[in-house]
């Protein structure tokens, strides 16, 4: 899926890297703003999204003609960051629990950036990524790094569920505010470490 389009290039011209970077920054600003606004108020107008992103309303409509298209783009953006986080976590060379701890800390940041994804499923964007997490857990169980007395999908649901719940609490205005880094670290410490097989090296 093409996540942005340029409207400044004329036929036959190639957009410069600076223009591409500027368009990308505008797109990310819109998606981050929309993810916050729509998480708080799903009925919020596109004008409110534009105001929050500090861009003109036509700029939002040019990229996302409907609110549905905007929500879909937010899901795709978050999924892309999920994929990058998973690649980086696996490239670090830790055992399964260590890899999951790295991943959950980064997913906490993604969930905080795009809180609307905590409220709706984007299975078309994340099914393959979830399968990769299940595979990671299964390999960790086979290698004796993770406990094998609990099914891999149950472990994964426990992990993601705890993260989602923790991030929702962090957004509750009547509770003490916690940043994504703190939430991710606490979930990793409690849930991921609890997934380790007893006696497995930390």
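Quick check, is residue 77 in contact (Cβ under 8 Å) with a residue 40 or more places away in the chain and farther than 30 Å from residue 148 by Cβ?
Numbers: in contact (Cβ under 8 Å) with a residue 40 or more places away in the chain: yes; farther than 30 Å from residue 148 by Cβ: yes.
Spelling it out, residue 77 is indeed in contact (Cβ under 8 Å) with a residue 40 or more places away in the chain and farther than 30 Å from residue 148 by Cβ.
Which residue out of 79, 44, 53 is in the same structural domain as residue 133 (by TED's automatic domain parsing), out of contact with any strand residue (DSSP E or B) (no Cβ under 8 Å at 6 or more places or on another chain) and surrounded by 16 or more Cβ atoms within 10 Å (Cβ to Cβ)? Before the answer, list the steps.
Values: 44 fails: in the same structural domain as residue 133 (by TED's automatic domain parsing); 53 fails: in the same structural domain as residue 133 (by TED's automatic domain parsing).
None of the other options fit; the residue is 79.
Consider residue 108 carefully, then state whether it is surrounded by 13 or more Cβ atoms within 10 Å (Cβ to Cβ), under 30 Å from residue 60 (Cβ atoms) and outside the structural domain of residue 53 (by TED's automatic domain parsing).
So residue 108 passes the test.
If you go through segment 60-69 one residue at a time, how many are in a helix (DSSP H, G or I) and surrounded by fewer than 18 Cβ atoms within 10 Å (Cβ to Cβ)? Steps first, please.
Let us first name the residues in segment 60-69 that are in a helix (DSSP H, G or I), namely 60-63, 67-69.
From the residues that got through so far, the ones that are surrounded by fewer than 18 Cβ atoms within 10 Å (Cβ to Cβ) too are 61-62, 67-69.
Number satisfying all stated conditions: 5.
Each row is one residue, and each column tells you yes or no for (1) within 16 Å of residue 104 (Cα to Cα); (2) without any contact (Cβ under 8 Å) to a residue 24 or more places away in the chain; (3) assigned by TED's automatic domain parsing to the domain that holds residue 98.
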site	(1), (2), (3)
136	yes, no, yes
139	no, no, yes
142	no, yes, yes
145	no, no, yes
158	yes, no, yes
162	yes, no, yes
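Can we say residue 87 is closer than 24 Å to residue 162 by Cβ, outside any helix (DSSP H, G or I) and either assigned by TED's automatic domain parsing to the domain that holds residue 148 or touching a residue at least 12 places away in the same chain (Cβ under 8 Å) (or both)? Reasoning before the result, please.
Details: closer than 24 Å to residue 162 by Cβ: yes; outside any helix (DSSP H, G or I): no; either assigned by TED's automatic domain parsing to the domain that holds residue 148 or touching a residue at least 12 places away in the same chain (Cβ under 8 Å) (or both): yes.
Considered against the rule, which asks whether it is closer than 24 Å to residue 162 by Cβ, outside any helix (DSSP H, G or I) and either assigned by TED's automatic domain parsing to the domain that holds residue 148 or touching a residue at least 12 places away in the same chain (Cβ under 8 Å) (or both), residue 87 comes out as no.
Scan segment 24-46 and give yes if some residue there is farther than 21 Å from residue 119 by Cα and modelled with pLDDT of 95 or more, otherwise no. Outline the logic, then answer.
In the first step, residues of segment 24-46 are kept if they are farther than 21 Å from residue 119 by Cα; the result is 24-27.
Narrowing further to those that are modelled with pLDDT of 95 or more: none.
No - not one qualifying residue is present in segment 24-46.
Kindly indicate which of 98, 93 is without any contact (Cβ under 8 Å) to a residue 24 or more places away in the chain, under 20 Å from residue 183 (Cα atoms) and either in the same structural domain as residue 154 (by TED's automatic domain parsing) or touching a strand residue (DSSP E or B) at 6+ places or on another chain (Cβ under 9 Å) (or both). Before the answer, list the steps.
Numbers: 93 fails: under 20 Å from residue 183 (Cα atoms).
Of the residues listed, the single one that is without any contact (Cβ under 8 Å) to a residue 24 or more places away in the chain, under 20 Å from residue 183 (Cα atoms) and either in the same structural domain as residue 154 (by TED's automatic domain parsing) or touching a strand residue (DSSP E or B) at 6+ places or on another chain (Cβ under 9 Å) (or both) is 98.
The values are calculated or read from the model by the stated rules, or taken from the named source; none is laboratory data. All figures in this text were calculated on a predicted structure; none of them were measured in a lab. When we count neighbours, we look across all protein chains shown, and the Cβ atoms used for this are built from the backbone with ideal geometry, even at glycine.
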